[in-house]
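K.L.:
One structure coming up, written as structure tokens, with questions to follow.
The values are calculated or read from the model by the stated rules, or taken from the named source; none is laboratory data. Keep in mind that this is a model prediction, so the values were computed, not measured. When we count neighbours, we look across all protein chains shown, and the Cβ atoms used for this are built from the backbone with ideal geometry, even at glycine.
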Protein chains: 2
Amino acid sequence: MTASTPGRVQSVETTFEVLEYIRDNEGAGVTDVANALSVSKSTAHGHLSTLTSLGYVVKTDGTYRVGLQFLELGHHARARYNLYEAAKSEADQLAQTTGERCQVMVVEDFRGVYIYQTAGEKAVQTDSHIGSTVDLHCTAVGKSYLASLPAADLEAYLEDVSLSARTEHTITDREAFLEELEKIRDQGYALNLEERITGMRAVGAPILTEGGDVLGAISVSVPTTRIEDTVHESDLPEQVQRSARVITIKTTYS
Amino acid sequence: MTASTPGRVQSVETTFEVLEYIRDNEGAGVTDVANALSVSKSTAHGHLSTLTSLGYVVKTDGTYRVGLQFLELGHHARARYNLYEAAKSEADQLAQTTGERCQVMVVEDFRGVYIYQTAGEKAVQTDSHIGSTVDLHCTAVGKSYLASLPAADLEAYLEDVSLSARTEHTITDREAFLEELEKIRDQGYALNLEERITGMRAVGAPILTEGGDVLGAISVSVPTTRIEDTVHESDLPEQVQRSARVITIKTTYS
DNA sequence: AATGTCGTTCGGCAGAAGGGAACAGCCACT
DNA sequence: AGTGGCTGTTCCCTTCTGCCGAACGACATT
């Protein structure tokens, strides 16, 4: 970050750069961090030792790694949404019956965040995991969510972000996107036809409150090569929607 | 923290104090934080706005809350242990068949950390959740772990911590504790007889590698009032041990 | 309309974070 | 076993910056 706005605490920004670096590199040493962030060794060491003394970083075999203490912050943030507990078992069930990957998403700062993810027997590895963020406009979960949003909020979203292309199938035209959302509203579920990752499709449905407000969304992703089989074997859209409804009921009475 | 050791970055310590405060208070405002931490409003504001711009804190309805971005750090730390994926489904199953609460623990800095927790039908609410830390000496998971530790590591642990009493049943005597561990080694599982929370018992078993190294532990907690029934209905120690063994196998081939 | 509370912004100063170099500890390699 | 090169760690010094206090602006409350 070159342009640091006044009133911001720079060392905090540095610390999180350090954290993100050792996260993305599965642990690192002092010199390593110093070089990567272009700071002196003493600076890197200062941050790492501070974080270690706070318990947010652990040092094992001479390499610094992200500590489990972040689980407490992370899980706490997740618990606020009152979705995790209810959605977990439904997602597990969905993954088991379909054999594919299932994810539960909520939205923060106009970005989709997976608060839970579970893999069925046949599920392929993807880049997404618990805590990772995705664009809303090119995912089944994201489109389900947007389609359930009040008009004003949807407007605010479209003002804020751009429908940037992730693959050749991503919907980037605003009008086409609004039509897509309309369609999703009508049918009650969203499809992702390789709009984020080539070769991967997904079926998603919004998770609503009893009052109709959208809390998040749930989806099942399937490789395109298997999508026909999966849809035939089990009516995927229907199953995903049913799971979403069950989660609504569970969250209401808890 | 009054005594700040040289070489430590103070603002990082402050930032995490801020984070922990807004976590423990389910969100807070600037003035609130400033008063609680005895810093000026501008300082609190600086930290909060920095954290917000980094996405680690979100501001909704004028209150700052812990952001979901910590999930990415937390889940990443958890994934390192290669236990979560394998243990999750086993824990779920254990919770379902017993109807009680089941938890999976690993150890970091001589503290037990719950990397997963799931509640069965009858499970009572406790103070523990994903990410929370517990003493090793007064929990079924912790004792299972310690009992499986090489002698040298156990020695290091006993040097480092004190067997402080949590309830009247906590084992605080070193000799008695070593005997307890011996017994646990013999029988292959650990019991917690209200040693951490009055009224709560638990059965735990260590999760080992094929080579015999201990990775963590799994346990089922049951209120004392129900323990007789549960143990009779299902041979709890046997079930917990079986789950632990299944996790070993799963982690080996993944 | 007035008062209290809150969040935000603005300078000024002191303290602290960062840089660099020197020290120490470790492993590998010869 | 000795040596070289790599680490991590510590030290001091400079200067930058994070902290404070106060003033401002935005609300809500009475």
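K.L.:
Identify the single condition in (1) facing chain B (nearest Cβ under 9 Å); (2) part of a helix (DSSP H, G or I); (3) closer than 30 Å to B:D109 by Cβ that A:R65 does not satisfy, given that it satisfies every other one.
P.N.:
(2)
K.L.:
Looking only at segment B:68-84, how many residues end up being assigned to a helix (DSSP H, G or I) and either within 14 Å of DNA strand D (Cβ to nearest atom) or facing chain A (nearest Cβ under 7 Å) (or both)?
P.N.:
Here the count works out to 9.
K.L.:
Separate question: Let me confirm something: among B:T167, B:T172, which residue is under 23 Å from B:V220 (Cβ atoms) and of a type in the set (S, T, Y)?
P.N.:
B:T167
K.L.:
Would you check which residues across segment A:127-150 are more than 14 Å from chain B (Cβ to nearest Cβ) and polar (S, T, N, Q) and list them?
P.N.:
The answer is A:T139, A:S144, A:S148.
K.L.:
Name the single residue that is farthest from DNA strand D (Cβ to nearest atom) among those in segment B:44-55 being surrounded by fewer than 22 Cβ atoms within 10 Å (Cβ to Cβ) and of a type outside the set (V, I, T).
P.N.:
B:G55
K.L.:
Out of the residues in segment B:46-61 meeting the condition of being under 26 Å from A:V107 (Cβ atoms) and within 8 Å of DNA strand C (Cβ to nearest atom), tell me which one is nearest to the other protein chains (Cβ to nearest Cβ).
P.N.:
Applying the filter and picking the extreme gives B:S49.
K.L.:
Could you tell me whether B:V30 is buried (at least 18 other Cβ atoms within 10 Å of the Cβ) and more than 7 Å from chain A (Cβ to nearest Cβ)?
P.N.:
Taking the combined requirement at face value, the residue satisfies it.
K.L.:
Could you please find all residues in segment B:113-122 being touching a Gly at 6+ places or on another chain (Cβ under 7 Å) and either among the charged types (D, E, K, R) or over 14 Å from B:L83 (Cα atoms) (or both)?
P.N.:
Hits for segment B:113-122 are B:G120, B:E121, B:K122.
K.L.:
Output the number of the condition that B:T118 fails; it satisfies all remaining conditions of (1) under 26 Å from the mean Cα position of the chain (by Cα); (2) of a type in the set (V, I, T); (3) more than 9 Å from every other protein chain (Cβ to nearest Cβ).
P.N.:
So B:T118 meets the others, but not (3).
K.L.:
In addition: Going by the structure shown, is B:E85 more than 11 Å from DNA strand C (Cβ to nearest atom), at pLDDT below 95 and acidic (D, E)?
P.N.:
For B:E85, the condition - more than 11 Å from DNA strand C (Cβ to nearest atom), at pLDDT below 95 and acidic (D, E) - is met.
K.L.:
Determine whether B:V106 is more than 30 Å from B:C138 (Cα to Cα), crowded, with 23+ Cβ neighbours inside 10 Å and either away from DNA strand D (no atom under 11 Å from the Cβ) or in contact (Cβ under 8 Å) with a residue 40 or more places away in the chain (or both).
P.N.:
no
K.L.:
Same structure again: Looking at A:V18, is it within 12 Å of another protein chain (Cβ to nearest Cβ) and more than 16 Å from DNA strand C (Cβ to nearest atom)?
P.N.:
No: the conditions fail for A:V18.
K.L.:
Inspect all residues belonging to segment A:218-238 and state whether any of them is hydrophobic (A, V, I, L, M, F, W, C), crowded, with 19+ Cβ neighbours inside 10 Å, within 21 Å of the chain's Cα centre (by Cα) and closer than 19 Å to A:D135 by Cβ.
P.N.:
Checked segment A:218-238: at least one residue is hydrophobic (A, V, I, L, M, F, W, C), crowded, with 19+ Cβ neighbours inside 10 Å, within 21 Å of the chain's Cα centre (by Cα) and closer than 19 Å to A:D135 by Cβ.
K.L.:
Test A:L163 against the criterion of being at pLDDT 95 or above, in the same structural domain as A:A205 (by TED's automatic domain parsing), within 24 Å of A:A244 (Cβ to Cβ) and of a type outside the set (K, R), and give yes or no.
P.N.:
No.
K.L.:
Which ones in segment A:33-43 are away from every other protein chain (no Cβ under 12 Å), surrounded by 13 or more Cβ atoms within 10 Å (Cβ to Cβ) and more than 11 Å from DNA strand D (Cβ to nearest atom)?
P.N.:
A:A36, A:L37
K.L.:
If you check A:E180 against the conditions, is it surrounded by 17 or more Cβ atoms within 10 Å (Cβ to Cβ) and over 30 Å from A:G74 (Cα atoms)?
P.N.:
Taking the combined requirement at face value, the residue satisfies it.
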